Each structure stands twice: as C-alpha cells, then as structure tokens.
Amino acid sequence: MTENTIERVATSTLLDWYEQMAVIRGTEKAAHDLFLRGLVKGTTHLAAGHEAVAVGTSAALRPDDYVFATYRGHHHAIARGATPEGCLAELMQKATGVCKAKGGSMHLTQADHGMLGSYAIVGAHLPMANGAAWSAKLRGTTQVAVAFFGDGATNIGAFHEALNLAAVWKLPVIFVCENNRYMEYTPIASVTSVPNPAADRAAANGMPGVLVDGNDVVAVHDTMSVAVERARSDNGPTVVEALTYRHFGHSRTDPATYRPPEEVEEWMARDPLTVARQRLLDFGASREVVDAADARAAEVVASASRAAQDAPAADPAQAFTDVWADGGAAWRT
Amino acid sequence: MADLTSVQMTTYRDAVADGIARELRRDPTVVCIGEDIGKAGGVFKTTVGLFEEFGAGRVWDTPISEQAIMGAAMGAAMTGMRPVAEIMFSDFLACCWDYLANEIPKARYMTGGQLTVPLVVRTANGGGLGFGAQHSQSVENWALTVPGLKIAAPSTPSDVVGLMASAIRSDDPVVFFEHKGLFASKGEAAPPGHVVPLGEARVAREGSDVTVVALAATVPLALAAAAELEGDGISLEVIDLRCLVPLDMATVFGSLSKSSRLIVVEENPYQGGWGATVVSIVADEGFEMLDAPIRRVASENVPLPFADALEQRVIPTVDKLVEAVRRLMSY
C-alpha cells in the first residue's frame, strides 16, 4: 500500500467542496426528517458522514467520467449532478423524481452526467464499472469509471471477479471502498480475513491498494487524482479504501446501538464537514465566509424540499413505460 | 421450382459464427466477450474464425468469471457498445443470475428510462448429448420468469443468422439460446442481409388436426412426429415460436382457429416450463376455440440423468409426442 499526502488546495476550491458536502448533508437530514413525517416511503440508507468520499472523488473526475454507486448512494448522485430536489422527489414517490419514482432511494441515477446508477445487490456494479471502463478503452475516449462500494461488498464474488478482470485487461477503473466499519450491523473486521478489506485484496489482483482518510475531502481528492491519472494514462486500475463512518444506522429502522459509544464519539468528532471547516479556517478563511456557505447550502436544501413536497405524485400509467427501448412494456402479440 | 443444387447448405453451428460475423462487419460497436471464444473458436466451435477476421480488439477471451463477463457486457452496453456475451453452457447462467434477474432487465425501468442496455447473452442450451445434470438443462424458462428480457431460441441455421441480426441490433437485452443438440444439424444457409424480427413465429409445417407449438430442438422433433402421423391420416400444424419474448400468440391463435387442438412440446421441465405460459393464455383468451383438452409434452420434473436411456426417458421424444397426439385425437 502507498501512503497519501495532503496537498494544499485553493481556499476557494475547498470552500466549494465544503458547500457541496453541506448540500449533501442537508439533503440527507431532510430525507431523514421527511421519513419521520411519513413523506418518504420504503427504505433509505443515508450517507451522512460519507460526503467527503463523494465530493473528493468527484472533484478528481472529468464531467464525462462514469460513476456507479450502491443503495447508499444519495451523496454520489448529488456529487455527480443530480439535484437535491430530484432526489428528494424520488424518495417521496413524485413524478419529478430523478427516476420518475420507479427507482426509489436505492437506485438514484443521473445518466446524463455519467452517474450510471445505484445498485442494491451488493457488489453487482463493480463488474459493470469494468464494462464502462472497457467501453471507454474500446472507444478511445480516455474516460475512467469509478465503482463506489461498502466494506461489506469485499467478501462477495463479484468484487473478486471484477478486480481480476480489471487488472488482466488493464482497465481505466478505480474501485473505491467506503469502509464505514460495519457490514450492515456486523463489524467488518469480525467477518473478514484481512485488516483492510478492500486495499489488502488489491495486491492479490496485481494492482495498487491505497488507504485514505475518507473523512478528509482534500485527502480523498489527492488520492483519487493519482488513481484517476493512472487509469486515464492506461496504467490500469487501483483500489482506494476510504475510512469513514455512518452518522445514521444501516437503514431507516436501524438505531445502530451495536456501535460502542466511544467509537461513535470519536468518529463524530471527525465529521468530514468539521474537518473541512477547520482546514478552511486554517487556510485563513473567515468564519463569516464559511457560515455563508452553510447558509447557501441550507437554502438550496430547504427550497428543494419544498419543491419536492409540492410536486405531483407519480402517475400510475408510468408503471407500463420504460421496460423496452421503444418506451413500452409489450411482451406478446 | 427452386433448383435444389443451387441452395447452399450449412450447419446450425457454422450459422452462429456467420450470424455474429455479419454484425461485426456492419457495426463497429459490436464486440464479443466470453470464455474460449477467441483463438479457441469456442468450446462448441460456434465462434470459429471471428478472432482471425476481427482480432483481439473485437473478440475478447475472459477468465472463467461469469459475473465479470455479464457485468462487463452490461457496463459496455450502457456506454455505447453492443456486446455479445457468451455463457458457455446455459446451466452456468446460474453463476451470473443476478445480472439476468436483477440488473440487466431492470436497469432501464428502475432509472425511469435513463439507461439502455443493448446486449446479447448467447448460451448453449439443452440436452440429448449425455452431458449430465449440470451441462444439459433447457433453461429458457428461467429467462422467461423475468420481465425485461427478450428471449430467442432458433431451430434452423437461417433462423440463427436472422434472429442473431435482430438480437444484436435490438436496443433491448436479448438472451439467445443455441441448442446443443442442433449444432450439427443442417439447413439452408441464410441469404445476405437476412433478418428475422424478434417475436414472429413461423409455421414450420401446415396442418389441420392439431396445433403443435414448439421451440428450438422440439421443432425438428415435432416435424418428425408429424411425418410419422401423416401415415395415419393425422395432420399436425407445427409452429416454431422462435422467441418466448416477444411471444407471438397471434400465430398460435391463428392455427388454433383451424385445428381446435393444442399440444405444446417443450424441453424445459414441466414444472414452470414456458408451455405453461402459452397454455394459460389460450385458456384465458381462447377457451372457446378448443375441442379437446390442452396437452403439454415437457421434460420430467427430475434432474437430467447421464445415461442415454435415462435421459431419453426424461426429455421429450418423437415417440412421446406421437403418443400424446394419438390420445388427443381419440378424445
């Protein structure tokens, strides 16, 4: 494994990343509040706490690069161009949802920005990211593909199949593990043969494995920039394991009481927003400037929440569209 | 009369490679992926010549890694390519079933139409060759359980080429079942530019007494039964469905309006077989067309055994179909 070092970024750039993270955090809190009010249906897997992984990675990508996410994917959808309004509308079963209310929280997608889906079968999208990377290589576009996944995905077959093929075909793909220490409710360390579930498996597949502080947006950006450059210059895939922590439980019904209080306290003190805010102040930004970013983010989220709540409900007729490429659902003559 | 000496004949096996090659030539986004499909030409020799003509950039050998194959095909399909993925034996679809059950057929729908997945999954299907329980199954009914997949299963060399063209050009995912028992069979070669639309059944033989609905290897089986029964003055109309999705029930009903009797002959197991879907539609919508009960000749509900004598006991045979027709005619 290689070490990563922080490089100084422009204060204005970091402020922009901070504001993006604040928008994501606010959207996740709004989703939680709307759920408690009975307005968000089904389930949600909130990514509060993981914002730096999404924003730091996105900042290292080109707009035409590809991203694949998991059912805990709100942050990636927003970081890659989905609007908070479109995401909240999707969660509230509104016609204006990013997936016309046919996907829900677990499948947020913004394909016109290269965010090619959130997948709810653990590990399934890692081989798909290979496919997008393979396609980029075939078409000679120098695009790269990123697959985000949780620590729990590192013990499923698709993860291992994906890493091997990516290395054999030297694909421009980066596998980004968001290691939040818990595979649903179970500590990942108790069910995994190596200490670093993603990074330690990289060597076995002939590629670099890198650990990074997933709560530090600058560290994520710097580490990802190296991996992206390696992929884009046809030097092959990388595994990046970002250490992070969930602020909520696994899903809507989980209070996460299985996590030791001192562990929660330690990680909450290292909230990615707190880390970024402190770095901004260290860089010389004023409190007023940072507070103003918070205020702008809060207004974006409040406005999105209002608009999503006011949007029309999904039309039942939409149940019979989008099965086939002709837009319909006919299966017989 | 056609001059029979000028009709070019070919095998079903060679038609597979021919059908893929035609599409590789006409569309640079078509790319093949699978185990042993390149230099080796495929374990069934169904991709012979492709690597030599199109090279390693169009014909990609993979590790034994079915999930990696299907995921790569899916990711490439949603980003501008038209992958043709081979899963060597259809039994192995179970190794990557997530992609056929949860990912590929649902990607367009659950994203509200944002994603398009124009790919073909080719696979060698069916029994009769003594390969035992894990290499002989007819699993076209597995694919039929999942809305969002189109399903083709040709019975002749020219249909292999024509349906392959439609499958590869389709913007929807298509599972393409090549029957192992038919690879050595011969038929007319497809003419240049030959395309068979998905979802159009073919009347393989016209008849008046009983409609026999068949697919893939049960088509020649039904034609053999028809020839045998002709001597007894029983006339079978044999319909080759060609596809299970889209399912051409219009052709089935057209035939039933003449015959009023229906037998479905299918190689997948009786339990959950595709014939159950066909007959349930007839029961729902065409009950008054019938003069006799509907019969299904399907594989028995046991794993496929190895020994020829046992396998023949389990899968549909000409004798079983002939007997079913005779009983139906005496109803």
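Where a number appears in this text, it was derived from the coordinates with a stated rule and is not lab data. Source: prediction; values computed, not measured. Ideal geometry is used to build each Cβ from the backbone, glycine not excepted, and the neighbour counts take in all protein chains shown.
Tabulated data for the structure shown
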| read-out | value |
| --- | --- |
| Near pairs, Cβ below 7 angstrom, 6+ apart or cross-chain, from region A:116-145 (within 8 Å of chain B (Cβ to nearest Cβ) and crowded, with 22+ Cβ neighbours inside 10 Å) to any residue that is in a strand (DSSP E or B) and among the β-branched types (Val, Ile, Thr) | A:LEU116/A:VAL67; A:TYR119/A:THR70; A:ALA129/A:VAL146; A:ALA129/A:VAL173; A:ASN130/A:VAL173; A:ALA133/A:VAL173; A:ALA145/A:VAL173 |
| Tally, over region B:83-105, of residues that are under 25 Å from A:ASP112 (Cα atoms) and buried (at least 22 other Cβ atoms within 10 Å of the Cβ) | 7 |
| Where B:VAL48 falls short, out of the listed (1) under 26 Å from B:SER155 (Cβ atoms); (2) assigned to a helix (DSSP H, G or I); (3) of a type in the set (A, V, I, L, M, F, W, C) | (2) |
| Neighbours by Cβ (under 6 Å, 6+ apart or cross-chain): first from region B:104-115, within 7 Å of another protein chain (Cβ to nearest Cβ); second among the β-branched types (Val, Ile, Thr) | B:ALA107/B:VAL117; B:TYR109/A:VAL323; B:THR111/A:THR109; B:GLN114/A:THR109 |
| Residue count for region A:281-300, restricted to those that are under 18 Å from A:ASP216 (Cβ atoms) and within 23 Å of the chain's Cα centre (by Cα) | 1 |
| Unmet criterion (only one of (1) assigned to a helix (DSSP H, G or I); (2) over 17 Å from A:LEU61 (Cα atoms); (3) at the interface with chain B (Cβ under 10 Å from one of its Cβ atoms)) for A:LEU88 | (3) |
| A:GLY81 being surrounded by fewer than 20 Cβ atoms within 10 Å (Cβ to Cβ) and at positive phi | yes |
| Segments classed as strands (runs of 3 or more DSSP E), wholly inside region B:59-131, with at least 1 members that are hydroxyl-bearing (Ser, Thr, Tyr) | B:120-125 |
| Region B:29-63, residues that are closer than 18 Å to B:PHE92 by Cα, surrounded by fewer than 18 Cβ atoms within 10 Å (Cβ to Cβ) and over 20 Å from the mean Cα position of the chain (by Cα) | B:ASP36, B:ASP61, B:PRO63 |
| Pick from region A:318-332, criterion among the aromatic types (Phe, Trp, Tyr) and facing another protein chain (nearest Cβ under 7 Å), ranking: surrounded by the most Cβ atoms within 10 Å (Cβ to Cβ) | A:TRP324 |
